[in-house]
1. Considering only 214, 93, 108, whose Cα is most displaced toward the positive end of the charge dipole of the chain, charges sitting on Cβ of Lys, Arg (+1) and Asp, Glu (-1)?
2. Positive end of the dipole of the stretch 116-200, charges at C-beta (+1 Lys, Arg; -1 Asp, Glu), about the Cα centre: which of 160, 200, 142 has its Cα farthest in that direction?
3. Which shape class, rounded, prolate or oblate, goes with the stretch 40-83 when its Cα gyration tensor gives a ≥ b ≥ c as root eigenvalues, a/c under 1.5 marks rounded, and past that a/b bigger than b/c marks prolate?
4. Taking the structure as given and computing percent of Cα pairs over 30 Å apart, which label from [x] 23; [y] 28; [z] 44 fits?
5. Give the angle, between 0 and 90 degrees and rounded to the nearest 10, that separates the Cα long axis of helix 120-134 from the longest principal axis of the Cα atoms of the chain.
6. Students often check this: by mean Cβ neighbours within 10 Å, which of 112-123, 173-184, 47-58 ranks highest, and how do the rest follow?
7. If I model a spin label as a point 7 Å beyond the Cα along the Cα-Cβ vector, how far apart are those points for residue 77 and residue 263 in nm?
8. Tell me, what is the FRET efficiency for residue 9 and residue 200 to the nearest 0.05, using R0 = 41 angstrom and their Cβ-Cβ distance as r?
Amino acid sequence: METHSHDQDPTKPVVLITGCSTGGIGHALACAFAEKKCRVVATSRSRSRMTELEHDSRFVLEELDVQSDESVRRVVDAVVGKYGCIDVLVNNAGVQCVGPLAEIPLSSVQNTFDTNVFGSLRMVQAVVPHMATRRKGKIVNIGSVAALASGPWSGTYTASKAALHALTDTLRLELGHFGIDVVNVVPGAIKSNIGDSAIASYNRMPEWKLFKPFEAAIRDRAYFSQKLKSTPTDEFAKNTVAAILKEKPPAWFTYGHYSTVMAIMYHLPISVRDFILKKVMNG
């Protein structure tokens, strides 16, 4: 890792973010943290996905695959070696996965959980020992409002985010003992490239059998968060970063279109919720 002279200001928080591809939430969060004078280590599976940050000295770029123990260890060791600490970990790397649960290839389901759930936990396990030693640090997991009301066609993604929410709640109780804050960030519909990547992976799915008649509705689901009014990414990132950097960050931070609607859906009787979701998804 090459060092820029101003990188060494020890008062600036060191932030490690996963999933910083251009056009996504991670990329916007990286920029918002940099605006707040943080020392930002932006990561992605391939450096070529972060070319916009390449020539900006406020960022250190690293290739990181959250599915690989070796890759996670290498990057965490490099960051701690360079700065002496990691103040904030943002688990943002996530993949979308669309298809009916009865027919979707299990390998696709496993891949989604490997990134969204085990990838986040792998990062947590690598970073916590460093934070616990200093008795300070913040872990931020990026969940989803989709986990509050599971609709048709996106069950794999929704289940992975629901699992992440549950892990986050437990981590907050377990890690508070070591002075580590844990924040569940629950974005609403935010402008990002997740629709494009969802369609790309959807196009690799097998032909549906029982669910062939729903083909159009299922394909539509991949773009769902991007079709409706979605909140601009940088607006979401600015508000989220402000919340995270507070002395006492909130346990749960939600922002963006549909976040209130989804919270209400969560509390509705199941029959009413099912009725609404069926209407919305097959309409």
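1. 214
2. Selected residue: 142.
3. Numbers: a/c = 3.57, a/b = 1.29, b/c = 2.77.
It comes out oblate by the Cα gyration axes.
4. [y]
5. 30 degrees
6. Working: 112-123: 21.3, 173-184: 16.8, 47-58: 14.3.
Result, highest mean first: 112-123, 173-184, 47-58.
7. Modelled inter-label distance: 4.3 nm.
8. On the way: r = 40 Å, r/R0 = 0.98.
My answer for the efficiency is 0.55.
None of the figures in this text is laboratory data; all of them are computed from the coordinates on show. The shown structure was predicted, so the numbers you read here are calculated from the model rather than taken from an experiment. All Cβ positions, glycine included, derive from the backbone under ideal geometry; neighbour counts span all protein chains shown.
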